[in-house]
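The values are calculated or read from the model by the stated rules, or taken from the named source; none is laboratory data. Predicted, not measured: the structure shown is a model, and the values here were computed from it. A quick note on method: Cβ atoms are made from the backbone with ideal geometry, for glycine too, and the neighbour counts reach across all protein chains shown.
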Amino acid sequence: MSADVGYRRLARNDMAAAANVFRSAFDARLPWLAGLHTPAEDRGFWQDHLHATCEIWGAERAGELLGVIAFRKDWIEQLYVLPAAQGRGIGTRLLDVAKTVNGELFLWTFQKNAGARHFYHSNGFAVVTETDGSGNEEKEPDVLLSWRRAD
């Protein structure tokens, strides 16, 4: 992990930058789903929904947001790191923020997202169930993962 990366709780005025990190990472990892929403819709989702319902943390260096996590009690709603910043421990550090607050966490990811599945598995998450995607907006097969703090 780079020593010059700082971590902090994000404010409402950070949500446009958070939405940009989300969109950049999402489109790079899942190009077949790129363009599902407009940048304005992404910003609205982060500003109006996630900021109101989640604790949101970011990783930044020299004023540039590199990664974000949005979580609430027992759930990770979003966790994204810019492609150029992946593999440096940023996602793990953001995940640790949520693990510190919660003794158990759940999240959804897409079955095809092998990178995310490997990341979560290496951070102690296990498969709960897999679906055919009929229940999500993207209609993409997904997987529910869980983690529980060892007592």
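With respect to (1) within 24 Å of R148 (Cα to Cα); (2) of a type in the set (V, I, T); (3) within 15 Å of the chain's Cα centre (by Cα), the lone exception for T100 is condition (3). Restricting attention to region 13-46, the residues being surrounded by 13 or more Cβ atoms within 10 Å (Cβ to Cβ), part of a helix (DSSP H, G or I) and not hydrophobic (A, V, I, L, M, F, W, C) number 9. Taken over region 47-73, the criterion of being surrounded by 17 or more Cβ atoms within 10 Å (Cβ to Cβ) and closer than 25 Å to Q111 by Cβ is satisfied by L50, C54, G67, V68, I69, A70, F71.
In region 78-111, of all residues being of a type in the set (D, E, K, R) and crowded, with 16+ Cβ neighbours inside 10 Å, the one that is modelled with the lowest pLDDT corresponds to R88. Which residue out of A28, A18 is under 14 Å from A70 (Cβ atoms) and in contact (Cβ under 8 Å) with a residue 12 or more places away in the chain? Unique residue meeting the criteria: A18. The residues of region 87-113 that are closer than 14 Å to A25 by Cα and either of a type in the set (K, R) or without any contact (Cβ under 8 Å) to a residue 12 or more places away in the chain (or both) amount to a single one, G87.
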